[in-house]
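Chemist: Sharing a structure here in structure tokens format.
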Amino acid sequence: MFEYQMMTEEQKDLVKMVRQMLDKELAPIVADIDKSGEYPMAIHQRMGEMGFFAMDVPEEYGGVGLDAETICHIREAMGYVDAGFACSFSASTFGIKPVLLFGTEEQKHYYAEKLVAGKISANCMTEPQSGSDLGNTKTKAVRDGDYYIINGRKCFATNGGLADIYTIGASTDPEAGNRGISLFIIDRDTPGVSVGKEEDKMGIRASNTTDVVFEDVRIPVKNRVGEENAGFKMMLKVLSRTRPTGMAPGLGVAQHALDLAVDYARTRVAFGGPIGKKQAIQFKLADMEIGIQTARQQLLYNAKLIDQGIYDSRLGSVTKTYVADVAMMCATNAMQVFGGYGYSREYPIEKLFRDARIFSLFEGTNEIQRMSIGLGLLGKMK
């Protein structure tokens, strides 16, 4: 098991505890849940029993209150065993992150208590026609006295079929584009809320991903998070605080791919000896190690800044893009080291390859991140 040299003893103990449990209880069923696409709820509950529900919810609201750096280490360890489980478990608290940052004290206490008790949340922003373009959100929230009436369909919602609580973005001023988006928090049992189709995904198959439909959903104004029409800015601020923790499972995928490739290169005999003696193989392994080490430094640097109250959206985009690229590079290189066997379901590399692909797609594609980085560097131009 990888151990980062600068981890504290407490961090080492937490990571060891998580890995030992997941290696014992999750690893043996990873191939099965990859085939079935079923989220391992029993493992989810075990994580809760160990005290990892609401790990990023502040202690003042009943959570564990771990810092971003520690959460990165834990989620990398989770992603090493199974990225699908890691992504869904991590997303179970992401849904109420806007509430914890911008909600009223009443909202914070009410929904944090639900998460601590084991309830699951989902963040519903993406729509069939908008993707990364939140300004094109078609879900509408129309004010009706002390209520809003919400109609629309969200897609690619992680935990959409499992969640008890949804945070959604809806247009309250359609003419204003992304400046007319507001955030709302909605309980699943609210009349008019339903779960749509479940995605049959290429990778992270244990992660539940569905449509969520809102038909004449009537919620009180107190369920709005923050000010009206401020939702887009709030979500950008949320993402600037969650980039490293959200991408940490991808680093686990990369590390797992490297470890498997190293073991295979040592033991696979061809042309009269272990293939690891060939410079072509050594270079691929070296590129993987270079990528992982630099990605981990980037991830933890970003996390340390967040822990110090420094939120840099451009840096978050850099972190997201680089870790995603490294995860895919490592999975690709590992498959080359394994050769034809890497393409077979008999070996775990093809699953890691499928899992790695998601990290450059979700939470804003890597192309969107590069546009954001470039525009940020250039500033306003005539």
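Chemist: Residues of segment 59-91 being of a type outside the set (S, T, N, Q) and in contact with a strand residue (DSSP E or B) (Cβ under 7 Å, 6 or more places away or on another chain), which ones? So that I can check it myself, show each step before the final result.
Modeler: First, pick out the residues of segment 59-91 that are of a type outside the set (S, T, N, Q): 59-69, 71-87, 89, 91.
Once the filter is applied, which keeps residues that are of a type outside the set (S, T, N, Q) and in contact with a strand residue (DSSP E or B) (Cβ under 7 Å, 6 or more places away or on another chain), segment 59-91 yields 87, 91.
Chemist: Right, next: Quickly run through segment 144-194 and pick out the residues that are under 25 Å from the mean Cα position of the chain (by Cα) and among the β-branched types (Val, Ile, Thr).
Modeler: Those that are under 25 Å from the mean Cα position of the chain (by Cα) and among the β-branched types (Val, Ile, Thr): 158, 165, 167, 168, 181, 185, 186, 193.
Chemist: Can you pull out the residues in segment 299-314 that are within 22 Å of residue 325 (Cβ to Cβ) and either of a type outside the set (S, T, N, Q) or modelled with pLDDT of 95 or more (or both)? Don't jump to the end; show me each part of the working.
Modeler: Initial filter on segment 299-314 (within 22 Å of residue 325 (Cβ to Cβ)): 299-306, 312-314.
299, 300, 301, 303, 304, 305, 306, 312, 314, listed by residue number.
Chemist: Return yes or no: is residue 175 acidic (Asp, Glu), surrounded by 16 or more Cβ atoms within 10 Å (Cβ to Cβ) and outside the structural domain of residue 89 (by TED's automatic domain parsing)?
Modeler: Numbers: acidic (Asp, Glu): yes; surrounded by 16 or more Cβ atoms within 10 Å (Cβ to Cβ): no; outside the structural domain of residue 89 (by TED's automatic domain parsing): yes.
Here the answer is no, as residue 175 does not meet what is asked.
Chemist: Looking at segment 174-217, which of its residues are more than 15 Å from residue 153 (Cα to Cα) and of a type in the set (D, E, K, R)?
Modeler: Across segment 174-217, the qualifying residues are 175, 179, 187, 189, 200, 201, 205.
Chemist: Can I ask one more? Just one of the numbered conditions (1) surrounded by fewer than 18 Cβ atoms within 10 Å (Cβ to Cβ); (2) assigned by TED's automatic domain parsing to the domain that holds residue 311 is not true of residue 250; which one?
Modeler: (1)
Chemist: Within segment 153-179, track down each residue that is at pLDDT 90 or above and under 18 Å from residue 228 (Cα atoms).
Modeler: Passing the criteria: 166, 167, 168, 169, 170, 171, 172.
Chemist: Another one. Does residue 117 meet the test of being surrounded by fewer than 16 Cβ atoms within 10 Å (Cβ to Cβ) and of a type in the set (A, V, I, L, M, F, W, C)?
Modeler: Values: surrounded by fewer than 16 Cβ atoms within 10 Å (Cβ to Cβ): yes; of a type in the set (A, V, I, L, M, F, W, C): yes.
Criteria met by residue 117.
Quick grid of which residues meet (1) under 20 Å from residue 356 (Cα atoms); (2) outside any helix (DSSP H, G or I); (3) aromatic (Phe, Trp, Tyr):
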residue	(1), (2), (3)
264	yes, no, yes
276	no, no, no
291	yes, no, no
297	yes, no, no
316	yes, no, no
324	yes, no, no
328	yes, no, no
334	yes, no, no
345	yes, yes, no
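Chemist: So which strands (runs of 3 or more DSSP E) stay within segment 95-210 end to end and still have 3 or more residues that are farther than 28 Å from residue 64 by Cβ?
Modeler: Values: elements: 121-124, 140-144, 147-158, 165-171, 181-187, 193-198.
So the answer is 140-144, 147-158, 193-198.
Chemist: When residues of segment 63-108 are filtered for being under 23 Å from residue 184 (Cα atoms) and among the hydrophobic types (A, V, I, L, M, F, W, C), how many remain?
Modeler: Going residue by residue through segment 63-108, those that are under 23 Å from residue 184 (Cα atoms) are 63, 87-108.
Those still in the list that are among the hydrophobic types (A, V, I, L, M, F, W, C) too: 87, 89, 91, 94, 96, 99-102.
Number satisfying all stated conditions: 9.
Chemist: For residue 215, which of the numbered conditions (1) in a loop (DSSP other than H, G, I, E, B); (2) at pLDDT 95 or above; (3) not aliphatic (A, V, I, L, M) fails to hold?
Modeler: Looking at each condition in turn, residue 215 falls short on (1).
Chemist: Here's another thing I want to ask about it. List the pairs whose first member sits in segment 285-313 and is without any contact (Cβ under 8 Å) to a residue 24 or more places away in the chain, whose second member is surrounded by 13 or more Cβ atoms within 10 Å (Cβ to Cβ) and not in a helix (DSSP H, G or I), and whose Cβ atoms are under 7 Å apart, counting only residues at least 6 apart or on separate chains?
Modeler: Here the result reads 305/312, each pair linking segment 285-313 to a residue that is surrounded by 13 or more Cβ atoms within 10 Å (Cβ to Cβ) and not in a helix (DSSP H, G or I).
Chemist: Among the residues of segment 132-156, write down those that are in contact with a helix residue (DSSP H, G or I) (Cβ under 9 Å, 6 or more places away or on another chain), closer than 19 Å to residue 239 by Cβ and not acidic (Asp, Glu).
Modeler: The answer is 132, 134, 135, 136, 137.
Residues are listed down the side, and each one gets a yes or a no for (1) touching a residue at least 40 places away in the same chain (Cβ under 8 Å); (2) crowded, with 24+ Cβ neighbours inside 10 Å; (3) over 30 Å from residue 40 (Cα atoms):
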site: 126; (1), (2), (3): no, no, no
site: 130; (1), (2), (3): no, no, yes
site: 133; (1), (2), (3): no, no, yes
site: 139; (1), (2), (3): yes, no, yes
site: 144; (1), (2), (3): yes, no, yes
site: 151; (1), (2), (3): yes, no, yes
site: 154; (1), (2), (3): yes, yes, no
site: 161; (1), (2), (3): yes, no, no
site: 168; (1), (2), (3): yes, yes, no
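Chemist: Restricting attention to segment 81-115, report how many residues are of a type outside the set (Gly, Ala, Ser) and under 19 Å from the mean Cα position of the chain (by Cα). Walk me through it before giving the result.
Modeler: Initially, segment 81-115 is screened for residues of a type outside the set (Gly, Ala, Ser), giving 81-82, 85, 87, 89, 93-94, 96-102, 104-111, 113-115.
Right, trim to under 19 Å from the mean Cα position of the chain (by Cα) and you get 81-82, 85, 87, 89, 93-94, 96-101, 115.
Number of matching residues: 14.
Chemist: Being modelled with pLDDT under 90 and at negative phi narrows it down to one residue among 62, 48, 79; which is it? Steps first, please.
Modeler: Details: 62 fails: at negative phi; 79 fails: modelled with pLDDT under 90.
Answer to the check: 48.
Chemist: Taking segment 113-123 on its own, how many of its residues are of a type in the set (A, V, I, L, M, F, W, C) and modelled with pLDDT of 90 or more?
Modeler: Narrowing segment 113-123 to residues of a type in the set (A, V, I, L, M, F, W, C): 115-117, 120, 122.
With modelled with pLDDT of 90 or more added as a condition, the list becomes 120, 122.
Selection size over segment 113-123: 2.
Chemist: Something else: Which one is farthest from residue 350 (Cα to Cα), of the residues in segment 202-261 that are among the polar types (S, T, N, Q) and within 21 Å of the chain's Cα centre (by Cα)? If you could, list the steps in order and put the result at the bottom.
Modeler: Here is the first cut: in segment 202-261, the residues among the polar types (S, T, N, Q) are 207-210, 223, 229, 240, 242, 245, 255.
Filter again for within 21 Å of the chain's Cα centre (by Cα), leaving 207-210, 240, 242, 245, 255.
Details: 207: 17, 208: 20, 209: 21, 210: 24, 240: 32, 242: 28, 245: 25, 255: 15 Å.
Looking at the filtered set, the residue picked out is 240.
Chemist: Among the listed residues 363, 346, 350, identify the single one that is free of Cβ contacts under 8 Å to residues at least 40 places away in the same chain, acidic (Asp, Glu) and either surrounded by 15 or more Cβ atoms within 10 Å (Cβ to Cβ) or assigned by TED's automatic domain parsing to the domain that holds residue 69 (or both).
Modeler: Details: 363 fails: free of Cβ contacts under 8 Å to residues at least 40 places away in the same chain; 346 fails: either surrounded by 15 or more Cβ atoms within 10 Å (Cβ to Cβ) or assigned by TED's automatic domain parsing to the domain that holds residue 69 (or both).
Only one candidate qualifies: 350.
The values are calculated or read from the model by the stated rules, or taken from the named source; none is laboratory data. This structure is a prediction, so every number in the text was calculated from the model and none was measured. No Cβ is skipped: glycine too gets one built from the backbone with ideal geometry, and neighbour counts run over all protein chains shown.
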